[in-house]
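Q: Take this structure, written in structure tokens, and hold onto it; I'll ask about it next.
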Amino acid sequence: MGAPVILCGKTESIGRGVIADLKPEYDVIHFVMSSETGASQIPAILKGDRSPSSDSELGSKDYSKPPVAIILGGGYNDADTKTMMEASAGIRPMPWLRPDQTKPTPPLGPEYGKAMVVRIKDLLAQLQKEGRMGEEKVQWY
């Protein structure tokens, strides 16, 4: 299995494809569908809860290792991100990845997810290489 990550997305159809494409390097252990539920689910996972509540069946649900990053999809704005980050602050510092909306992307659908995954993998590899995986801040992909 790959390194554990949490994925935040608004639609399971896109999330399903992103989860598949992140493998084998990354294992999405939990799929969050709103900032409200993320504000309770993410801190629980970061604290080591092995059976957090979930509003989605997506994700491996393998909570045996803590996540190394939290990845947000394009449906999450600044306020959503702030809500979840504040709820999780200081528990287990890690990068929060957000899409750079100024970069061109395909329209929503399978190709959108594939394009995002390439950018996510590139950024995570860069952060690892630079020793910045323990920084609790937004990183743009």
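Q: Mean-square fluctuation check for the chain, GNM, Cα pairs under 10 Å: which of P104, P43, P93 is largest?
A: P104
Q: Follow-up. Would you pull out the residues with amide H under 5 Å of V32's amide H, same chain only if 5 or more places away, H placed 1.01 Å from N?
A: Residues meeting the amide H criterion: L7, C8, G9.
Q: Charges at C-beta only: +1 for Lys and Arg, -1 for Asp and Glu. How large is the resulting dipole of the chain about its Cα centre, in Debye rounded to 20? Intermediate values should be presented prior to the final figure.
A: Numbers: 17 positive and 18 negative charges, 55 e Å.
The calculated dipole for the chain is roughly 260 debye.
Q: If the chain between M133 and S40 were fully stretched, how many nm would it gain, using 0.36 nm times the residue separation less the Cα-Cα distance? Mind showing how you got there, number by number?
A: Numbers: separation 93, 0.36 × 93 = 33.48 nm, distance 2.24 nm.
My answer for the length gained is 31.2 nm.
Q: Amide H to amide H under 5 Å from L97: which residues, 5+ apart in sequence or cross-chain, H placed 1.01 Å off N in plane?
A: So L97 has HN proximity to I70, I71, L72, Q139.
Q: State whether the chain is rounded, prolate or oblate according to the following rule on the C-alpha gyration tensor (a ≥ b ≥ c being the square roots of its eigenvalues): a/c under 1.5 gives rounded; otherwise a/b larger than b/c gives prolate, and the remaining case gives oblate. Before the final figure, lay out the partial values.
A: Working: a/c = 1.29, a/b = 1.20, b/c = 1.08.
The shape class here is rounded.
Q: Mind checking which of D100, D78, D122 has the largest fluctuation in a GNM of the chain, springs on alpha carbons under 10 Å?
A: Comparing D100, D78, D122 in the GNM, the peak value goes to D78.
Q: In Å², and per residue, what accessible area does the chain have when probed at 1.4 Å with the other protein chains present? Present the calculation step by step, with values, prior to reporting the outcome.
A: Details: 6880 Å² over 141 residues.
It amounts to 49 Å² per residue over the chain.
Q: Let me ask something else about it. What does the extension gain come out to for K47 and A125, with contour length at 0.36 nm per residue minus their alpha carbon separation?
A: On the way: separation 78, 0.36 × 78 = 28.08 nm, distance 2.50 nm.
Once the chain is fully extended between K47 and A125, it gains 25.6 nm.
Q: Here's something else I'd like to know. Let me have the 222 nm mean residue ellipticity of the chain computed from DSSP H runs of 4+ only, each contributing -39500 (n - 2.57), with the sum over all residues rounded to the nearest 500.
A: Details: 4 runs with 54 residues, N = 141.
Estimated from H runs of four or more residues: -12000 deg cm²/dmol.
Q: Leaving out same-chain residues fewer than 8 places away, which lysines sit with a Cα under 20 Å from that of K82?
A: Within the straight-line cut-off, K82 pairs with K10, K47, K137.
Q: Mean Kyte-Doolittle of at least -0.5 plus a Cα span of 18 Å or more along the axis: flag which DSSP H helices in the chain meet both, please. Numbers along the way, then the final one.
A: On the way: long enough: 110-129 (29 Å, -0.19).
Span-like helices, by this rule, are 110-129.
The values are calculated or read from the model by the stated rules, or taken from the named source; none is laboratory data. Keep in mind that what you see is a predicted model, and the values were worked out from it rather than measured. Methodologically, a virtual Cβ is constructed for each residue, glycine included, from the backbone with ideal geometry; neighbour enumeration extends over all protein chains shown. Side chains are part of the model used for accessible areas, which takes the heavy atoms of the whole protein and leaves out ligands, DNA and RNA. Shrake-Rupley method; radii C 1.70, N 1.55, O 1.52, S 1.80 Å.
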